[in-house]
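S.K.: Before anything else, here's the structure in question.
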Amino acid sequence: MYHEEEAVLGRDSKQCQIVISDGAISRKHCGIKFDVEQQCYYVCDYSKNGTFVSGIGRLKPDTWVRVEKDSMVQLVNENNAFILV
């Protein structure tokens, strides 16, 4: 399985490539990788408040989960949501 480099999302600009300024978001909230061969994503939750994926629910912490393109990802709640395209 081949993955591109991990993109980390969270509040801390020293740990994350994508910074989200919301107190509910953890300093290091989640990581996302794209699998070029399988054309899908892998998401890992590092947070205390949760990362949720449509069709899957809340992700188990520190576990990479396969996520299909066009899935919605929510960091804590619907205020911090995006679609993986």
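S.K.: Let me spell it out: the conditions are (1) of a type in the set (D, E, K, R); (2) on the phi > 0 side of the Ramachandran plot; (3) modelled with pLDDT under 95, and Asp70 meets all of them except one. Which number is the exception?
M.R.: Exception for Asp70: condition (3).
S.K.: I need a count of the residues in the stretch 12-68 that are out of contact with any strand residue (DSSP E or B) (no Cβ under 7 Å at 6 or more places or on another chain), hydroxyl-bearing (Ser, Thr, Tyr) and over 16 Å from Ala81 (Cα atoms).
M.R.: Here the count works out to 0.
S.K.: Only one of these is within 20 Å of Glu5 (Cβ to Cβ) and of a type in the set (Asp, Glu): Asp35, Asp70. Name it.
M.R.: Asp35
S.K.: Could you run through the stretch 70-85 and say how many residues are without any contact (Cβ under 8 Å) to a residue 24 or more places away in the chain and in a loop (DSSP other than H, G, I, E, B)?
M.R.: 2
S.K.: Scan Val36, Val67 and give me the residue that is more than 17 Å from Ile18 (Cβ to Cβ), touching a residue at least 24 places away in the same chain (Cβ under 8 Å) and out of contact with any Asp or Glu (no Cβ under 6 Å at 6 or more places or on another chain).
M.R.: Val36
S.K.: Tell me, please, whether a residue that is more than 15 Å from Ala7 (Cα to Cα), among the aromatic types (Phe, Trp, Tyr) and out of contact with any Ser or Thr (no Cβ under 9 Å at 6 or more places or on another chain) can be found in the stretch 49-66.
M.R.: yes
S.K.: Restricting the stretch 56-85 to residues that are aliphatic (A, V, I, L, M) and open to solvent by less than 30 Å² (accessible area, probe 1.4 Å), which is nearest to Arg11 (Cα to Cα)?
M.R.: Leu75
S.K.: Which residue pairs have Cβ atoms closer than 9 Å, lie 6 or more positions apart in sequence or on different chains, and pair a first residue in the stretch 5-16 that is touching a residue at least 40 places away in the same chain (Cβ under 8 Å) and among the basic types (Lys, Arg) with a second residue that is assigned to a loop (DSSP other than H, G, I, E, B) and open to solvent by 40 Å² or more (accessible area, probe 1.4 Å)?
M.R.: From the stretch 5-16, no pairs qualify.
S.K.: Let me ask something additional. Tell me which residues, restricted to the stretch 42-66, are touching a Gly at 6+ places or on another chain (Cβ under 9 Å) and of a type outside the set (S, T, N, Q).
M.R.: Those that are touching a Gly at 6+ places or on another chain (Cβ under 9 Å) and of a type outside the set (S, T, N, Q): Tyr42, Val43, Cys44, Asp45, Tyr46, Arg58, Leu59, Pro61, Trp64.
The values are calculated or read from the model by the stated rules, or taken from the named source; none is laboratory data. As the structure is a computational prediction, the values presented were derived from the model and not from experiment. Note: ideal-geometry Cβ built from the backbone for every residue, glycine included; neighbour counts use all protein chains shown. These accessible areas exclude ligands, DNA and RNA; they are computed on the full protein's heavy atoms, side chains included. Shrake-Rupley method; radii C 1.70, N 1.55, O 1.52, S 1.80 Å.
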